[in-house]
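Colleague: Have a look at the structure that comes next, please.
The values are calculated or read from the model by the stated rules, or taken from the named source; none is laboratory data. Small disclaimer: the values here were computed from a predicted structure and weren't measured. Virtual Cβ from ideal backbone geometry, glycine too; neighbours counted across all protein chains shown.
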Amino acid sequence: MYRYDDFDHRFVDERVAQYRDQVRRRLAGQLTEDEFKPLRLMNGLYLQMHAYMLRIAIPYGAFDSAKMRKLAHITRKYDRGYGHFTTRQNLQLNWIKLEDTPDILAELASVEMHAIQTSGNSFRNTTTDPFAGVAHDEIEDPRPYAEILRQWSTLHPEFSFLPRKFKIAVSASTEDRAAVKMHDVGLYLRRNDKGEVGFEVMAGGGLGRTPLLSHTIKPFVARRDLLSYLEAVLRVYNQYGRRDNIYKARIKILVQSLGAKKFAEEVEAEWLASDREAAALPDNYVREIASAFALPAYDNTPVDEAAFKRDAAANPAFARWLRRNTFGHKSSNHAVVTISLKPVGETPGDCSADQMDLVADLADELSFGEIRAAYEQNLVLPHVRRDALFGLWKRLEAAGLGTANIGQITDIICCPGMDYCSLATARSIPIAQDLARHMAAKEEAIGTFNIKISGCINACGHHHLGHIGILGVDKNGEEVYQITLGGDAGNNAAVGTIIGPALKSDAVTGGIDTLIDVYLKLRQDGERFPDTYRRIGAKPFKEALYAVA
Amino acid sequence: MLLLEDGTLREDGWHHVADDEAIPASGDITVSFTRWKEVGATLNGRSGKLGLRLDNTTAPADVAPDLSHFQLIVLNFPKFTDGRAYSQARLLRTRHGYKGELRAGGNVLRDQLLFMRRCGFNSFIVGERAVKEDWAKAFGEFDVFYQTAQDGRPWVMRQRLNAAP
Ligand code: SF4
């Protein structure tokens with residue numbers, strides 16, 4: 001994985017010093033709160049319901065045991081001993097004191113981490129496939145490009161005060177595991193007929209009040225031109241994106257109002273007129289960055305398949321975990337393991353300091369120290385030998401991290417909602433907890449299923465993309481929940497449609513249960529929920545839901 | 001109003017003529033783009049330097065043919081969070097080859113100065129709260145940059161490539 005060189009180290013140190021001085025000036029009254037706010041936001045510090053919340057970047061979700069231990073230490077020393085992994089491959093700490101933040105950032109810098117631009121109207125953390133580098137269906141490792149983008153988008157002099165936040169996602173596999181189409185800019189790594197690497201560039205995706213999926217604005221941008229082309233996209237957006245209305249300020253609204261074709265033409269004209277050489281990305285530079293991501297030296301002694309099968313046959317719970325939580329690795333002796341942060345009845349995405357330490361230990365012993373954070377709010381050990389899986393599973397089980405539910409109905413994506421977030425219009429965590437408890441027994445029968453919950457229209461819980469999405473809203477002082485059906489992330493991304501009037505909080509679990517029953521009754525073999533929904537439409541679901549409500 | 005130019009604070013010697021104000025016969029003045037379009041040609045004979053004030057919705061390309069008339073261009077930040085003028089500045093400097101003084105006006109704060117300078121601004125209307133040392137320090141907070149920009153400072157990709165064996 002990428003290691004900071006002297007430049008990167010000096011940069012984060014300078015950033016910490018700058019921020020320390022900003023906090024000093026704020027505390028001395030030289031900066032008003034209005035002036036300080038965007039500065040702290042550019043370092044990931046929000047003012048929330050109860051305290052400051054610090055959002056720490058895990059660039060493209062890739063980190064390691066030393067970083068994880070540092071995070072555990074920070075949650076113990078400056079917070080309440082746990083953190084929350086978010087849908088942006090970040091970690092949020094909810095109980096932070098302003099005075100402590102410069103020290104926390106200094107601690108992060110010591111392990112090559114930061115909280116730069118995890119908030120504010122600029123580039124956010126670039127996200128990618130949590131299986132990057134090891135997925136069996138990958139064209140090329142996307143992490144070097146994500147790292148190049150991380151650096152390029154950090155304190156960009158021209159684009160640090162955009163109309164609104166700006167999120168970029170990269171995917172380099174047949175299967176899109178990064179929800180690329182819901183991003184302001186999405187990049188699909190492609191190879192042209194000459195075998196050269198480039199990117200299909202998508203623009204104009206985003207959730208929130210107006211959920212829109214992105215459009216292809218250029219089918220192939222050579223990698224040499226990646227940065228200059230993105231600068232052109234950003235320059236068009238910076239000049240013409242709306243700034244009069246926060247809900248219309250994302251690039252998706254600009255793309256929608258101009259039309260994707262016209263927008264693409266504007267970008268193309270800007271790009272052709274720009275100095276493309278100045279920001280050209282030379283092959284040898286990409287190679288140099290990519291060398292940091294070389295795969296580790298695997299032990300390739302063949303796995304004892306008989307023993308492996310025996311363990312699985314003798315332990316149905318292990319077999320189930322294998323089925324749900326492991327994914328095909330480039331090396332046939334290895335597996336990619338997802339550690340569920342969705343134990344039934346707990347807060348989705350939360351992880352205690354002790355669990356963080358354990359995952360760090362396991363990563364050191366079994367996964368070359370590497371860890372990933374997935375946008376589904378789970379953790380990943382990317383290189384585990386298959387003959388170590390049984391032992392790994394037992395240790396995870398013992399620590400409450402062995403839940404075998406990846407991609408299942410209890411693997412709920414859920415934002416913090418009103419329990420923490422000051423923007424929330426309703427609670428989301430208790431809804432997720434209750435649903436998971438209720439659905440756990442049926443989980444196997446249901447199969448692949450995504451429920452996604454947001455506590456307000458900002459849609460941090462991606463509810464629009466859930467097979468079933470749940471949005472908490474406030475109706476005359478009461479928390480009620482709008483249900484959307486048929487959403488999908490990934491290659492077949494789709495925005496769900498609202499089924500009808502919102503449900504009261506105590507009717508949500510029962511209502512979803514009814515919808516699931518309709519699905520189980522009417523699905524044809526192998527059909528996932530969105531497929532069934534597209535085939536039969538909303539009517540049967542609507543009739544069942546509102547007949548009982 | 002104080003003006004900071006490459007680390008020094010001084011008074012602004014320019015007279016910024018309002019659109020409904022008569023144009024003085026001498027002295028250094030700036031006019032809005034609207035005024036320039038109305039009376040541009042008549043300003044050529046007067047003594048004193050000429051500057052242009054652009055609002056942040058005017059495309060630099062629209063001004064490009066006239067740039068040779070101006071020794072100063074003032075770009076506006078109505079709020080410091082409104083970053084359109086950063087792009088205007090870069091376009092004026094690169095695409096349109098403007099070499100004169102490029103000034104940031106409006107809500108110009110210390111913590112944005114470095115960004116502005118990197119985009120090609122070389123003077124700043126900074127308001128009365130400016131403390132000289134503090135503002136000057138704003139330029140020196142970083143010496144590592146991840147992007148190529150207008151101030152000609154070395155940037156990391158180039159530095160790495162140059163350092164490579
Ligand atoms: S969706 Fe709303 S409530 Fe949930 S975390 Fe985002 S802003 Fe907060």
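Colleague: For region A:465-481, give me the residue count where each residue is more than 9 Å from the ligand (Cβ to nearest atom) and closer than 18 Å to A:Leu515 by Cβ. Step through it out loud before you land on a result.
Modeller: Filtering region A:465-481 down to residues more than 9 Å from the ligand (Cβ to nearest atom) leaves A:465-470, A:473-481.
Within this subset, residues satisfying the condition of being closer than 18 Å to A:Leu515 by Cβ are A:465-470, A:480-481.
The qualifying residues number 8.
Colleague: Continuing with the same structure: Mind listing whichever residues of region A:395-420 are closer than 26 Å to A:Gly510 by Cβ, near the ligand (Cβ under 8 Å from one of its atoms) and part of a loop (DSSP other than H, G, I, E, B)?
Modeller: Residues satisfying the conditions are A:Cys415, A:Pro416.
Colleague: Related question: When you go through B:Leu109, B:Leu161 one by one, which is the residue that is at the interface with another protein chain (Cβ under 7 Å from one of its Cβ atoms) and surrounded by fewer than 16 Cβ atoms within 10 Å (Cβ to Cβ)? Let's see the steps before the verdict.
Modeller: On the way: B:Leu109 fails: surrounded by fewer than 16 Cβ atoms within 10 Å (Cβ to Cβ).
Among B:Leu109, B:Leu161, only B:Leu161 is at the interface with another protein chain (Cβ under 7 Å from one of its Cβ atoms) and surrounded by fewer than 16 Cβ atoms within 10 Å (Cβ to Cβ).
Colleague: Within the group A:Thr514, A:Thr497, which residue is in the same structural domain as A:Ala459 (by TED's automatic domain parsing) and either touching a residue at least 40 places away in the same chain (Cβ under 8 Å) or among the acidic types (Asp, Glu) (or both)? Lay out the reasoning, then the answer.
Modeller: Details: A:Thr514 fails: either touching a residue at least 40 places away in the same chain (Cβ under 8 Å) or among the acidic types (Asp, Glu) (or both).
After ruling out the rest, the residue left standing is A:Thr497.
Colleague: Considering each of A:Ala335, A:Ala363 in turn, give the residue that is crowded, with 23+ Cβ neighbours inside 10 Å, touching a helix residue (DSSP H, G or I) at 6+ places or on another chain (Cβ under 8 Å) and under 20 Å from A:Tyr2 (Cα atoms). If you could, list the steps in order and put the result at the bottom.
Modeller: Numbers: A:Ala335 fails: under 20 Å from A:Tyr2 (Cα atoms).
Criteria check complete, one pass: A:Ala363.
Colleague: So, one more: Among A:Asp357, A:Asp387, which is in a helix (DSSP H, G or I) and either farther than 20 Å from A:Ala404 by Cβ or assigned by TED's automatic domain parsing to the domain that holds A:His84 (or both)?
Modeller: On the way: A:Asp387 fails: either farther than 20 Å from A:Ala404 by Cβ or assigned by TED's automatic domain parsing to the domain that holds A:His84 (or both).
The unique qualifying residue is A:Asp357.
Yes or no, residue by residue, for (1) surrounded by fewer than 19 Cβ atoms within 10 Å (Cβ to Cβ); (2) of a type outside the set (A, V, I, L, M); (3) assigned by TED's automatic domain parsing to the domain that holds A:Gly61; (4) under 18 Å from the mean Cα position of the chain (by Cα):
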| site | (1), (2), (3), (4) |
| --- | --- |
| A:Val170 | no, no, no, yes |
| A:Ala179 | no, no, no, yes |
| A:Arg190 | yes, yes, no, no |
| A:Val201 | no, no, no, no |
| A:Ser214 | no, yes, no, yes |
| A:Ile217 | no, no, no, no |
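Colleague: Here is a further query. Looking at region A:425-464 only, could you name the residues that are more than 14 Å from A:Asp411 (Cα to Cα), within 16 Å of the ligand (Cβ to nearest atom) and in a helix (DSSP H, G or I)?
Modeller: Answer for region A:425-464, where residues must be more than 14 Å from A:Asp411 (Cα to Cα), within 16 Å of the ligand (Cβ to nearest atom) and in a helix (DSSP H, G or I): A:Pro430, A:His464.
Colleague: Scan region A:14-44 residue by residue and report those that are crowded, with 21+ Cβ neighbours inside 10 Å, under 25 Å from the mean Cα position of the chain (by Cα) and over 17 Å from A:Ser153 (Cα atoms).
Modeller: A:Arg40 - this is the single residue of region A:14-44 that is crowded, with 21+ Cβ neighbours inside 10 Å, under 25 Å from the mean Cα position of the chain (by Cα) and over 17 Å from A:Ser153 (Cα atoms).
Colleague: Out of the residues in region A:1-13 that are within 11 Å of another protein chain (Cβ to nearest Cβ) and crowded, with 17+ Cβ neighbours inside 10 Å, state the one that is nearest to A:Ser110 (Cα to Cα).
Modeller: The selected residue is A:Val12.
Colleague: Please specify each residue of region A:389-406 satisfying the condition of being under 22 Å from A:Ala441 (Cβ atoms) and not aromatic (Phe, Trp, Tyr).
Modeller: If the condition is that a residue be under 22 Å from A:Ala441 (Cβ atoms) and not aromatic (Phe, Trp, Tyr), then A:Leu396, A:Glu397, A:Gly400, A:Leu401, A:Gly402, A:Thr403, A:Ala404, A:Asn405, A:Ile406 are the ones that fit.
Colleague: Enumerate the helices (runs of 4 or more DSSP H) found wholly within region B:49-165, keeping only those where 3 or more residues are under 30 Å from A:Pro144 (Cβ atoms).
Modeller: On the way: elements: B:60-63, B:84-93, B:113-118, B:132-138, B:156-163.
Where helices (runs of 4 or more DSSP H) fall fully within region B:49-165 and carry at least 3 residues being under 30 Å from A:Pro144 (Cβ atoms), they are B:84-93, B:113-118, B:156-163.
Colleague: Further, regarding this structure: Among the candidates B:Arg103, B:Arg153, B:Arg84, which residue alone is at the interface with chain A (Cβ under 9 Å from one of its Cβ atoms), of a type outside the set (Val, Ile, Thr) and under 25 Å from A:Pro38 (Cβ atoms)?
Modeller: On the way: B:Arg103 fails: at the interface with chain A (Cβ under 9 Å from one of its Cβ atoms); B:Arg153 fails: at the interface with chain A (Cβ under 9 Å from one of its Cβ atoms).
Unique residue meeting the criteria: B:Arg84.
Colleague: Do the conditions hold for A:Leu465, that is, is it touching a residue at least 60 places away in the same chain (Cβ under 8 Å) and crowded, with 22+ Cβ neighbours inside 10 Å?
Modeller: On the way: touching a residue at least 60 places away in the same chain (Cβ under 8 Å): yes; crowded, with 22+ Cβ neighbours inside 10 Å: yes.
So A:Leu465 fits the description; yes.
Colleague: So in region A:45-67, with the set limited to residues that are more than 21 Å from A:Gln117 (Cβ to Cβ) and at pLDDT 95 or above, which one is farthest from the chain's Cα centre (by Cα)? Break it down stepwise before answering.
Modeller: Pass one, region A:45-67, residues more than 21 Å from A:Gln117 (Cβ to Cβ): A:49-51, A:64-66.
Checking the rest, the ones that are also at pLDDT 95 or above come to A:64-66.
On the way: A:Asp64: 17, A:Ser65: 20, A:Ala66: 21 Å.
Residue satisfying both the conditions and the ranking: A:Ala66.
Colleague: Tally up the residues in region B:80-92 that are out of contact with any strand residue (DSSP E or B) (no Cβ under 7 Å at 6 or more places or on another chain) and at pLDDT 95 or above, please. Spell out the reasoning first.
Modeller: So in region B:80-92, the residues out of contact with any strand residue (DSSP E or B) (no Cβ under 7 Å at 6 or more places or on another chain) come out as B:80-84, B:86-87, B:90-91.
Filter once more, keeping what is at pLDDT 95 or above: B:82-84, B:86-87, B:90-91.
Total satisfying the criteria: 7.
Per-residue answers, yes or no, for (1) modelled with pLDDT under 95; (2) closer than 27 Å to B:Trp155 by Cα; (3) part of a helix (DSSP H, G or I); (4) touching a Phe, Trp or Tyr at 6+ places or on another chain (Cβ under 9 Å):
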| site | (1), (2), (3), (4) |
| --- | --- |
| A:Tyr4 | no, yes, no, yes |
| A:Asp13 | no, yes, yes, no |
| A:Arg69 | no, no, yes, no |
| A:Thr75 | no, no, yes, yes |
